[in-house]
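Every number in this text was worked out from the coordinates using simple rules, so none of it is lab data. Just so it is clear, the structure is predicted and the values come from calculations on it, not from any experiment. Glycine also receives a Cβ, built like all others from the backbone with ideal geometry; neighbour counts cover every protein chain displayed.
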Amino acid sequence: MSNGCICWVIALASEAKSLIEEFKMYLMPGDTLFPIYKNKNENEWLVITGVGQLNVASGVSYLYSLCPYSKTSFWINFGIAGAGKNVGDIGEPFLINELRHHDFKKIYYPFILPNLKLKNAMLKTYNKPQNNYKRSFLFDMEGWVFYNIVQKKITRELIAVVKIISDNSPETILSINKNFINKFIKDKIEYLMTLRDFGFSLSDLETERKKEHFLFVDITEKFHFTFSQCQQLKNFLIRWDVNFPERSLFSEIKDLNDAKSILDYMESSLKHHKLKWE
Amino acid sequence: MINQIYIENEIKDHPRVQRILKKFKRKTPIYIDKYASVFNKKNQNFRIQKKYPSLILAKKKGGHVLKTPSDFGIGNSNNFYFSHMYNCLYDCEYCFLQGMYSSADYVLFVNYEDFEDGIKEKINFHKNERVTFFSGYDCDSLAFEKISGFVSHFLPFFKRFSNVEIELRTKSTQMEPLLKMEPVSNCIVAFSLLPAEIANKTDHKVPTIKKRINKISELALMGWKIGLRFDPLIHGENWKNIYKELFADVFKNIDKKAIHSITLGPLRFPKAMFKKILDMNPRSKLLSDVLVLRGNKISYTNEIELEMQSFCIDLLNKHSPETLLFSCKGNF
């Protein structure tokens, strides 16, 4: 089972409905600022932010503070977007490879997830709904802001923006309603499944890299370690694992009774060890 | 495997870019204003990118040719390096590039002619002196040849300057351009080598030591000048025996007459980069060894470093003339 986690950021309940059902998420009980859904294992979270930049900004920050694995999660902004007539068909999903904003010069180039059968396209985020379909890109009201906030908090390879074209002409915009959105998202769920699997695997890598050694809490709960001693302990624990995979540290230090003697013992053992390359 | 291609707008019509794009017909490039808008941004994960690297085609502006650190050289007093590329196809645990950039994407600077101008400028300045240029400082000189055409372009250029040497530093066994041309007398093809037992654990995606030695042997027989780079020297249990075996293997298979120079260098990381490197590879065996802060570098203790250096020098002197041997102290 993956140790990774996915955080979905979605503007509308109708965009989220299929995902919530498919991934068996349930609404978090209690008084939350935004509707938050999660699965039984708590490794998949979803926030419904509402439309627009302020909403998405607040929603992202809220989910970030609520999800215990937010720092190593794979974050996905998913939703519908308008598009120029020539960009694609209604219901066609796109992985965004370039994010622009109508009011800001800053351009983001999200990490391109390999081997996904999703077309790539540029997305431009506006303050207001748009109806100019002569453009050669997708447009929405959240994507850039989502990325702008999340990239400040977590590594960029764990962020994706995926949009499905909901309207590409003045006529098509008239047919957008809850059922319509829900249907064409349901039709494209397999693409999201693939993206999600990939997201789990990347998040898993990051979780593994950042995870605390299993003995760290046990040892620091038993004895008082200063901040710098904690850092030293973290370092020694990993090195211990790498160098002495068959030695049980816990049993070797069971008779030691303070932080300093534990660290001295580990340091001395590591210092006298010669790496075996064969 | 290239994940995505980015191209700076300024060079989108450059013939070298067009030629490279033909090799990636199924990729749709993304055009960007400057390579720094994708490369080396904050909050990028070198390890994830290393699995799925992108190629960025860019134009190098300024700083085409730079002076090497003071103790970096193979006999000449004027030493310069130039980097037509940032990052490497290979993934070696001791490589400083992991700490240098937060991106593992490959940046290929296609304006080779500007590098040539920078090189000519240095050559003219040191007209009657011997000068060595090093490529392969921020990348592998040959590993990306099929895409970059770097060696095929630059060797004919360097051939024109008799007072100049060019070192191509590599771990690659893709020697196509060299095998197709007559040896260039002022070119040194320098191979990084370490004992196979260590390389198997530290050098990822890299041709084995056996393959590297076979390739060196082939080039030597053709008449190419060979550089042997035992840099970094890596410590561990039984290190004396495995280095002894490596040297014996190398000198058994390579025509000594072809050896231009041999260099030794200690394992070292710039202090500022080490934390980043360790953070990205917390479970690296190499990095879990006892490494200490010495000045502005993280390395083995002085005692280990000197012992390794002197043991290897003694052994190498038995195999080759002392004059070919150079050691790099590893200052940054």
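What to note about this one:
- Local electrostatic count, B:Lys244, Cβ distance below 11 Å [Lys/Arg +1, Asp/Glu -1]: -1
- Residues B:Leu316, B:Leu142, sorted so that the one with the fewest Cβ neighbours within 10 Å comes first: B:Leu316, B:Leu142
- Counting only Cβ charges, +1 for Lys and Arg and -1 for Asp and Glu, the dipole size of the stretch B:102-165 around its Cα centre is about 340 debye.
- Using a Förster distance of 60 Å, the FRET efficiency for A:Asp218-B:Asn9 (Cβ separation, nearest 0.05): 0.60
- A:Lys210 sits among other residues whose Cβ lies under 10 Å from its own Cβ, and their net charge, with Lys and Arg +1 and Asp and Glu -1, is -1.
- Rounded to the nearest 500, the helix-only mean residue ellipticity at 222 nm of chain A stands at -12500 deg cm²/dmol, with each DSSP H run of n ≥ 4 adding -39,500 (n - 2.57).
- Shielding by partners, peptide B:41-49 (average Cβ within 10 angstrom, other chains): 6
- Gain upon complete extension [A:Asp31, A:Cys230; 0.36 nm per residue less C-alpha separation]: 68.0 nm
- Computed E for A:Lys210/B:Lys211 - FRET, C-beta separation, R0 51 angstrom, nearest 0.05: 0.90
- Dipole size of the stretch A:214-271 about its Cα centre, with +1 on Lys/Arg Cβ and -1 on Asp/Glu Cβ: approximately 140 debye, rounded to the nearest 20.
- Legend: residue pairs B:Lys27/B:Lys60; A:Lys178/B:Lys34; A:Lys134/B:Lys12; A:Lys119/B:Lys211, Cα-Cα distance threshold 30 Å; pairs beyond threshold, A:Lys178/B:Lys34; A:Lys119/B:Lys211.
- Going from the fewest other Cβ atoms within 10 Å to the most, the residues B:Ser284, A:Ser2 appear in the order A:Ser2, B:Ser284.
- Rounded to whole Å, sorted largest first: equivalent-ellipsoid semi-axes of the stretch A:6-208, Cα gyration tensor: 25, 18, 17
- Candidate cross-link partners of A:Lys211 among the aspartates and glutamates, defined by an alpha-carbon separation under 12 Å and a same-chain spacing of 8 or more, comprise B:Asp279.
- Modelled label positions at A:Ile189 and B:Phe311, each set 7 Å beyond Cα in the direction of Cβ, lie 6.3 nm from each other.
- Charged side chains reduced to their Cβ positions (Lys and Arg at +1, Asp and Glu at -1) give the protein assembly as shown a dipole of some 1220 debye around its Cα centre.
- Full extension of the segment from B:Asn76 to B:Asn163, taken as 0.36 nm per residue of separation minus the current Cα-Cα distance, would add 30.3 nm.
- In sequence order, calculated HN-Hα J values of the stretch B:132-149 (Karplus, 6.51, -1.76, 1.60; Hz; x Gly/Pro): 10, 10, 10, 10, x, 8, 9, 6, 8, 5, 10, 4, 9, 4, 4, 8, 7, x
- Cα shape, the stretch B:118-164, gyration tensor, a/c 1.5 rule: prolate
- Span from the the stretch B:1-46 Cα centroid across to the the stretch B:219-266 one, whole angstrom: 37
- For residues of A:106-114, the mean tally of beta carbons on other chains within 10 Å: 5
- 14 Å reach of a label modelled at A:Lys106, 7 Å along Cα-to-Cβ, counting backbone N of the stretch A:43-72: A:57
- Sorted by Cβ density within 10 Å, fewest first, the residues A:Leu33, A:Leu270, A:Leu99, B:Leu286: A:Leu33, A:Leu270, B:Leu286, A:Leu99
- Förster radius 41 Å - calculated FRET efficiency between B:Thr301 and B:Asn40, Cβ distance, rounded to 0.05: 0.80
- By the Cβ-Cβ criterion of under 4.7 Å, the unpaired cysteines of the protein assembly as shown are A:Cys5, A:Cys7, A:Cys67, A:Cys230, B:Cys88, B:Cys139, B:Cys187, B:Cys312, B:Cys328.
- Separation of the B:Leu221 and A:Glu42 label points, Cα + 7 Å toward Cβ, nm: 6.5
- Over chain B, DSSP H runs of length four or greater, each weighted -39,500 (n - 2.57), average out per residue to a 222 nm ellipticity of -10000 deg cm²/dmol.
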